[in-house]
Amino acid sequence: MPFIALAVAIAAALGGGATLAAENSLPGDALWSYKVHVTEGIRAGFAPTAEAKAQAHIDAIETRMHETEELAAEGRLDASAQTNIEKNFDIHADAIAKKIAELQAAGDFEIAADIAARYQAAIAARTAALAQAETNAPEQAEAALSPLLLKVRATLDQASEMSASASAKAAANASGAKIDADVNIEAGVETDI
């Protein structure tokens, strides 16, 4: 919470202009750090529900992937930008997984399943766009884009597993079954009913 208070104080001191100017910044730009740490931190921190917080993290992941596409198209995607994007991507992916687990632990299976499905859909849509960007990227950008694309594809696999598991738990809950279910993508749903 101290980080959020500091972020609010900085945002108030700098005014909304910095936030608006930072909105279109890319990794390597002066205001990108402000956008990532202050603006996005405030969005997630002040989201009123767990579902809204998870959506803020999904939006941030989509933004990182869009920034990757832009940098690749401009030939500005380098190792430094790749590292910054990957670190931030991981933070948001971990936060989404945590929110889904928290919702399931609280018995909010339908909301958890909805978030997991939205997360999976967002990653799937941007994965296709990143793959296209890789084919059109200049050679130097392609070298930084390939590892990011591998990470995004691995995250898509994880998001798909989360979505399948959350959906299975929501379905079991809706049918009144005891929820102690895990989904194994290859084996199907395993339940202890």
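The values are calculated or read from the model by the stated rules, or taken from the named source; none is laboratory data. Keep in mind that this is a model prediction, so the values were computed, not measured. FYI the Cβ positions are ideal-geometry reconstructions off the backbone, even for glycines, and counts take in every protein chain you see. Just the protein is used for accessible areas: all its heavy atoms, side chains included, with ligands, DNA and RNA removed. Shrake-Rupley method; radii C 1.70, N 1.55, O 1.52, S 1.80 Å.
If I model a spin label at ALA106 and ARG153 as a point 7 Å from the Cα along the Cα→Cβ vector, what separation in nanometres do I get?
According to this spin-label approximation, the distance is 3.6 nm.
In the stretch 75-141, what GluC sites (Glu not before Pro) fall in a loop by DSSP, with at most 15 other Cβ atoms inside 10 Å?
In loop regions of the stretch 75-141 (DSSP not H, G, I, E or B), there are no sparsely surrounded GluC sites (Glu not before Pro).
How high is the FRET efficiency between GLN132 and ASP59 when r is their beta carbon distance and R₀ equals 22 Å, given to the nearest 0.05?
Efficiency computed from Cβ-Cβ geometry: 0.55.
May I ask for the net charge around LEU26, where only other residues with Cβ less than 9 Å from the Cβ of LEU26 are counted and Lys, Arg are +1 while Asp, Glu are -1?
So the surrounding residues net to -3.
Please list ASP114, ASP157 from largest to smallest accessible area, probe radius 1.4 Å, with all protein chains kept in place.
ASP157, ASP114
Under a point spin-label approximation (7 Å from Cα along Cα-to-Cβ), what is the SER33-ALA79 distance to one decimal in nm?
Result: 2.0 nm between the two label points.
Among ARG153, ARG126, what's the order by accessible area (1.4 angstrom probe), most exposed first?
Reading off the accessible areas and sorting them downward yields ARG153, ARG126.
On the protein heavy atoms, probe 1.4 angstrom, tell me the percent of accessible surface of the stretch 49-115 carried by carbon and sulfur.
Reported share for carbon and sulfur atoms: 53 percent.
Between ALA143 and HIS66, what length comes free when the chain is fully extended (0.36 nm per residue of separation minus the Cα-Cα distance, one decimal in nm)?
26.0 nm
What does the accessible area of HIS92 come to, in Å² to the nearest 10, when a probe of 1.4 Å is used?
HIS92 exposes around 20 Å² with every protein chain in place.
To the nearest 10 square angstrom, what accessible area does SER175 show with a 1.4 Å probe?
It works out to around 90 Å².
Any idea how far apart GLU161 and SER175 come out in nm if each label point goes 7 Å out from Cα toward Cβ?
2.3 nm
Give the ranking of MET65, MET162 by solvent-accessible surface, highest area first, calculated with a 1.4 Å probe.
MET162, MET65
Would you report the distance distribution of C-alpha pairs in the stretch 22-136 as whole percents per 10 angstrom bin, up to the bin with the largest distance?
With a bin width of 10 Å, the distribution comes to 14, 43, 31, 11, 1.
Quick check: residue separation of LYS87 and PHE46 times 0.36 nm, minus the Cα distance between them. What number comes out in nm?
Residue separation times 0.36 nm, minus the Cα-Cα distance, leaves 12.5 nm.
List the pair-distance distribution P(r) of the stretch 89-171, using every Cα-Cα distance, as the percent of pairs falling in each 5 Å bin from 0 up to the bin containing the longest distance, rounded to whole percents.
3, 16, 22, 20, 14, 10, 7, 5, 2, 1
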